[in-house]
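This report concerns only the one structure given below.
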Amino acid sequence: MKIQHKSRNIEVSDTMKEYIEKKLAKLNRIVKDDNSEVEVRLAKAHERYTVEITLKMRSIIVRAEETTNDFYASVDNAVGNLERRLKRYKDRFRTLKRERAGNFQSQEAEEKNRDKVVKIKKFELRPMSLDEALIRIDMLDHEFFVFRNIDGDQINVLYKRKDGNYGLIVPS
């Protein structure tokens, strides 16, 4: 894992770098990809430390950001969030693989997807399934995600709603 440090309004000491690298070493048991890259952005504003960690591996990008009054707490929380997202991604990816291999989807998984996608809009206008898009939007921690849906070969927009569920915009 290659780690790149960037900072704004803060001088990053060797001790800070060692601490970050020590915490990121925990991810090696989850991320088995030696070619993965980690970008750590550190910023300080008004006595608050912001740590943003972006992990790039193969075609996956996972991001976590944390802001607190303590540098070490920000690092701990950001790495913890990143670790949770990676574990969730691996679990979902395994489930998707099993479903594709058997070419079926369990009733529980269908109900779970129906619970997350609560609104579909029609809209004029990277091939992947909706399940993969849900994984990506969680991993990137973005408000929306644009993707080409395999099922209809159309461009779709998946977005987070204020109530914590998801919406899907589909072209008509």
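Worth pointing out:
- Using a Förster distance of 41 Å, the FRET efficiency for LYS56-VAL118 (Cβ separation, nearest 0.05): 0.85
- Those residues of region 22-36 whose amide nitrogen sits under 14 Å from the label point placed on LYS90, 7 Å along Cα→Cβ: 25-34
- Within region 1-40, the trypsin sites (Lys or Arg not before Pro) that combine a DSSP coil assignment with at most 16 other C-beta atoms in a 10 angstrom radius are LYS32.
- Cα Rg, Dmax (largest Cα-Cα span) when computed across the chain, Å: 18.3, 55
- Summarising the label geometry, the points placed 7 Å from Cα in the beta-carbon direction at PHE144 and GLU21 lie 4.1 nm from one another.
- Value of [θ]222 nm, deg cm²/dmol, for the chain, DSSP H segments ≥ 4, -39500 (n - 2.57) each, nearest 500: -12500 deg cm²/dmol
The numbers here are math on the coordinates, done by the rules we state, and not lab data. These numbers come from a predicted model, not from an experiment. Because the Cβ atoms are built from the backbone with ideal geometry, glycine has one as well, and the counts that use them run over all protein chains shown.
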